[in-house]
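The values are calculated or read from the model by the stated rules, or taken from the named source; none is laboratory data. Everything quoted here is computed from the prediction, not taken from an experiment. Using ideal geometry, Cβ is built from the backbone for each residue, glycine included, and neighbour counts are taken over all protein chains shown.
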Amino acid sequence: MPSVFIKTYGCQMNERDSEAVAAQLLAKGYSLAPSESVADVVLLNTCSVRDLAEQKAINKMRNLVGTARSEKRDQIVGFLGCMAQSRGRELIDRLPDVDLVLGTQKFHRAAEYLDELLSGKREKIVDVAPEAKSEAAIREHLLNGSARTSVSAFVSIMQGCNQHCTFCIVPATRGEERSRTIPDVVAECRELAERGVKEITLLGQIVTSFGRSEKREAWQAAQMLGNQAFPVLPDGGADLPLNPLPAASPPAPTRPSSPFVQLLDAVHAIAGLERIRFTSPHPKGYGDDLVDAYARLPKLCESAHLPLQSGSDRILKLMHRGYTREKFLGIIRKLRRARPGIGITTDIIVGFPGETEEDFAQTLSLCREAEFDNAYIFKYSPRRDTPAADMPDQVPTPIREERNHRLLELVNDIAARKYDAFVGRQVQILVEGPSRKNAARCTGRTRCNKIVLFDGGDRHRGQLMDVKIERTGSFTLYGDPAVVNL
Ligand code: 5AD
């Protein structure tokens, strides 16, 4: 049977989609090739979020077809995912050797289309049409695919985004928000737990909007599972200090929780699962019910990725983000109060159109105040058909670069201090297996999502254990095996 090599660009959702395609192809008798040069089929699962990501995939494809041709190899090559969706046939017009262009609602058709191409039944296939229920089609797992996946798995709970941030191409690549049902997601998580998975990360473009566009289904699911009530916390959290305080006694009023929190409750009830994470949320989704879930659900790890994008209210408005800096800081205060020690990471765009030095200073000051454990910083990249691409006052590249550099220095400084504070402390880690770079070392993660390396072996895989942190590296903690509980 033919062998396939899949290369993935971009986010965890893309990683998950590639894994599901690989699992689907294995089930049909394909094998996974160890490298692209020996594969019968090479698929590039692409990212469109910045121009650089698109250029990388296009250059890679150019090299692939050039090498295959010069070595007179017959190789089927295709683009999957976000860039395939947004560019469609244009990719074949540009690169005529490309055989397959498969959009984001079509991953589950990969095997059927490859069979047609390999058998010569069809010469080229472009399918980027919408497909009902495709959000529930990403469900196959490759549990032995890599060290991490047998212990920790990603579960896709929804597709698409209705937020329409003015910089973002995602509504065009992933479509409108569509959520799976709670029982469907729970069934997948339960099966994973039965197969030994200890940690699940719920995935989607905006997971906190889960079920919002499917009110009837969410309602039915809520009836099946028993809706939770949650205490209402003080509004905005503005009266709370940024540093953790002992939790105050919960105020009296209660409201039914959002479909996403209902899902968290349902996944939390699965026996055998030890840890739950999710990504990526939208700050507007951190209502009191979600904050309360952090206080209530012990399996929900004390870690949150809260995309900020900018610390300036003026820019946040132009971005169509739907919150202010004060609201954002209020969420952080509430989370730190609900879960002292919570690890908080973020995404920030520098050089959005119209961003002045004063706006940028607001981002710097917010970062000083919020003290993120890590921040992913992106230079603004104009995306076609997005409102921001046509906004006035586009920021010149050297200024974008300079702001990127300054912000990076600040966030790295803060992160280094946060990591250093772990030295001497005992932390619980879930061991994912031997480190990719050094087989004598094992890698695990703290509940607040920091990577810990320690001297260990395959026997530690899947264990929850306590290690003492001895020293730090760049975004890494080193644990002492002497205090490992065996
Ligand atoms: N330019 C730069 N960064 C972007 N992101 C999304 N769109 C763009 C863009 N046009 C960043 C945001 C988002 C992350 C996944 O990518 O910070 O949270």
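Worth a mention:
Conditions tested, residue by residue: (1) in contact with an Asp or Glu (Cβ under 7 Å, 6 or more places away or on another chain); (2) modelled with pLDDT under 95; (3) surrounded by fewer than 23 Cβ atoms within 10 Å (Cβ to Cβ).
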| position | (1), (2), (3) |
| --- | --- |
| 171 | no, no, yes |
| 175 | no, no, yes |
| 185 | no, no, no |
| 195 | no, yes, yes |
| 198 | yes, no, yes |
| 210 | no, no, no |
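- Segment 405-438: number of residues that are assigned to a strand (DSSP E or B) and either of a type outside the set (Val, Ile, Thr) or loosely packed, with under 12 Cβ neighbours inside 10 Å (or both): 6
- Candidates in segment 46-70 are the residues that are in contact (Cβ under 8 Å) with a residue 40 or more places away in the chain and among the charged types (D, E, K, R); of these, the one that is farthest from the ligand (Cβ to nearest atom) is 60.
- Filtering segment 365-381 to residues that are over 20 Å from the mean Cα position of the chain (by Cα) and either crowded, with 18+ Cβ neighbours inside 10 Å or touching a residue at least 60 places away in the same chain (Cβ under 8 Å) (or both) leaves 366, 367, 369, 370, 371.
- Test: residue in segment 43-58 that is of a type outside the set (A, V, I, L, M), modelled with pLDDT under 95 and closer than 19 Å to residue 97 by Cβ: no
- Looking across segment 300-329 at every residue that is closer than 20 Å to residue 345 by Cβ and among the charged types (D, E, K, R), the one that is surrounded by the most Cβ atoms within 10 Å (Cβ to Cβ) is identified as 321.
- Residue 343 surrounded by fewer than 21 Cβ atoms within 10 Å (Cβ to Cβ), modelled with pLDDT of 95 or more and away from the ligand (no atom under 16 Å from the Cβ): yes
- Residue within segment 312-333 that is farther than 30 Å from residue 473 by Cβ, away from the ligand (no atom under 16 Å from the Cβ) and of a type in the set (Asp, Glu) present: yes
- Listed by first and then second residue, the pairs linking a residue in segment 83-95 that is touching a residue at least 40 places away in the same chain (Cβ under 8 Å) to a residue that is assigned to a helix (DSSP H, G or I) and not hydrophobic (A, V, I, L, M, F, W, C), with Cβ atoms under 7 Å apart and 6 or more places separating them unless they lie on different chains, are 83/54; 85/173; 86/173.
- Within segment 1-45, the residues that satisfy the criterion of being within 16 Å of the ligand (Cβ to nearest atom) and of a type in the set (D, E, K, R) are 15, 16, 17.
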